[in-house]
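Here's the structure we're looking at; comments come further down.
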């Protein structure tokens, strides 16, 4: 009984989830740091940041919104949103002048996938931080 | 920033490694379960990598 009430009190959200999710978006693992989950936050930061940096080092091109047929719209808007999900990593690289053109080559292709993958993994981290902040998960 | 050149195998293994770490962290509740799930995810990635690689090789002729 005492354990059940202790678990329930741990699951009650103690703060608003909005700053947690915003910080989790801007800094991978930042939401977990704010919620004092330092180990998990550190691993998320390491994984997403290294993946993003590998994408930059492979000279992967960023996606830009592009109109056209349905498949083109889905790929380019989706890719842009996934790149954007990288948060400050994305903004910093763009502000510092990273503008890799889309050229042929498997390394460039993998680079683009690493950049998109890092953003998508950061979305998973944001959802995890939101679940912790709202008490759905400890 | 240095330019990195990787093979298909290196790139996919790196992708699998970091994806598995994040998937392990966000989908399980205890550290032990996270470690097990992360390792299992990585194994699935590697199996799928070789399976799809062979399918493409055989389909290509």
Between helix B:8-27 and chain B, what is the angle of the helix's C-alpha long axis to the longest principal axis, kept within 0 to 90° and rounded to the nearest 10?
20 degrees
Roughly how many whole Å is it from the C-alpha centroid of the range B:16-36 to that of the range A:33-83?
19 Å
Quick check on chain B: helices-only [θ] at 222 nm, where DSSP H runs of length 4 and up contribute -39,500 (n - 2.57) each and the sum goes over total residues. Nearest 500, please.
-29000 deg cm²/dmol
From the helices alone, meaning DSSP H stretches of at least four residues, give me the mean residue ellipticity at 222 nm for chain A, per-run term -39500 (n - 2.57), in deg cm²/dmol to the nearest 500.
-22500 deg cm²/dmol
Given the Cα-Cα distance of residue A:103 and residue A:81 and 0.36 nm per residue of separation, how much length would full extension add, in nm?
5.8 nm
For chain B, what does the alpha-carbon gyration tensor say about shape, rounded, prolate or oblate, given a ≥ b ≥ c as the root eigenvalues, a/c under 1.5 as rounded, and a/b over b/c as prolate?
oblate
To one decimal place, what orientation-averaged projected area in nm² is obtained for the convex hull of the Cα set of the protein assembly as shown?
13.9 nm²
Restricting to Cα pairs below 8 Å that are 6+ residues apart, what does the relative contact order work out to for chain A? Please round to a whole percent.
38 percent
Yeah, the range A:41-130 with a ≥ b ≥ c from its alpha-carbon gyration tensor (a/c under 1.5 is rounded, else prolate when a/b outruns b/c, oblate otherwise) is oblate
Label-point separation (nm) for residue A:96 and residue B:52, each offset 7 Å from Cα along Cα-to-Cβ?
3.0 nm
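Values quoted throughout were computed directly from the atomic coordinates according to the rules given, and no laboratory measurement underlies them. Please read these numbers as outputs of a predicted model, since none were measured by experiment. Neighbour counts are summed over all protein chains in view; Cβ atoms, including those assigned to glycine, are modelled from backbone coordinates with ideal geometry.
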